[in-house]
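Values in this text are rule-based calculations from the coordinates and carry no lab data. Not measured: the values here are computed from a predicted model. Here the Cβ positions follow ideal geometry from the backbone for every residue, glycine too, while neighbour counts run over all protein chains shown.
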């Protein structure tokens, strides 16, 4: 049976404590739905870009955003990867909201099917690998890892799922999620699409345990900042059969939880401080400005005047408040001035 080796180091314990505090702080803040929707959209774009980029997809974030908006049917594989991943994100998020997701082999296979649809032959799409594979160093092309024999793959996946379920109320959920992520990479259950499938399944696991990374942030973004370190930390080097008794998850768990902290801090800086004081609390007319920008891309004072009966000076103060709390950006000058939603950084 699967029994991962790891040590709860001071660093790991500190990381877990800090993550829980950051999550509590975020949960204590309340945001208008229209604001959250904008951040959720950005988080999904960043997740899609980062997770496909990790695997070598050449499209930059700006191009990924264009692809996701496009209705084109004649697309390249790199664009198909982006569309598939984003569709999987949205589908899984909807299922999570309706409480219809439980970790299982079928769920993992379904995620893989979403990710690789149209990119792999039908007999490999949503199916565990049926032949031996090797893992190459993306930089040199040399073989660096030999995964478990194909005959053991399904049993290993089932053992991992059973371990997660049996320890759900015993082991910290952050540790469980990290163990799941690394062990999936070690098993390497598919011919292709292992990384994307693993990261999506890990997102589901985190969400089921109380940390929904679909909505506001993207832990994939952290990995994409240093892909070499990610691969080195999450993967193993050598033959699985020689390594199995010595694999230790400790370093990866420290890195995994450190990445969650980094991303939580990034998003925390981007999220406007709304509703925490009288100066930052939004009124209905502020929300109307934001909604108009979301629907039309920008708003002018003239357009705002048609939405409200507030005086010119008061309208100026309304815009200024949204500028001050980081929701709007001012563009143009004089009579050409207009306002748009502030772009969140990636």
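Once the chain from residue 245 to residue 23 is taken as fully extended at 0.36 nm per residue, the excess over their C-alpha distance is 76.4 nm. Here the label points at residue 149 and residue 167, each 7 Å from Cα along the C-beta direction, are separated by 2.6 nm in the simple model. A simple spin-label model places the labels of residue 91 and residue 262 3.0 nm from each other, with each point 7 Å out along Cα-to-Cβ.
Two decimals is fine: what's Rg over Rh for the chain, C-alpha atoms, Kirkwood radius as Rh?
Numbers: Rg = 22.6 Å, Rh = 22.0 Å.
My calculation of the ratio gives 1.03.
Per-residue counts of other Cβ atoms within 10 Å, averaged by peptide: what ranking do you get for 217-224, 289-296, 310-317, 78-85, highest first? Intermediate results must be reported in sequence, preceding the final value.
On the way: 217-224: 24.4, 289-296: 17.4, 310-317: 11.4, 78-85: 21.5.
By packing density, highest mean first, the sequence is 217-224, 78-85, 289-296, 310-317.
What's the ranking of 332-340, 194-202 by average number of surrounding C-beta atoms within 10 Å, highest first? List each step's numbers first, then the result.
Details: 332-340: 11.9, 194-202: 23.9.
Highest-to-lowest ranking by the protection proxy: 194-202, 332-340.
Could you grab the relative contact order for segment 140-243? Cα pairs under 8 Å, six or more apart, rounded to a whole percent.
Working: 72 pairs, mean separation 39.0, N = 104.
Relative contact order of segment 140-243: 38 percent.
Both the radius of gyration and Dmax for segment 120-219 are 14.8, 43 Å, in that order, over alpha-carbon atoms.
Projected over all directions and averaged, the alpha-carbon convex hull of segment 284-341 occupies 3.6 nm². With a point put 7 Å past each Cα toward its Cβ, work out how far residue 76 is from residue 61 in nm, to one decimal. Calculated label separation equals 2.1 nm. The order of the peptides 88-97, 133-142, 300-309 by mean Cβ neighbours within 10 Å, most packed first, is 88-97, 300-309, 133-142.
Please report the antiparallel percentage of the DSSP beta bridges confined to the chain, to the nearest 5.
If we restrict to bridges inside the chain, about 70 percent are antiparallel.
Both the radius of gyration and Dmax for segment 82-156 are 15.0, 45 Å, in that order, over alpha-carbon atoms.
Over the Cα atoms of segment 30-169, what is the Rg over Rh ratio if Rh follows Kirkwood? Present the calculation step by step, with values, prior to reporting the outcome.
On the way: Rg = 17.7 Å, Rh = 17.6 Å.
When Rh is taken as the Kirkwood radius, the ratio is 1.01.
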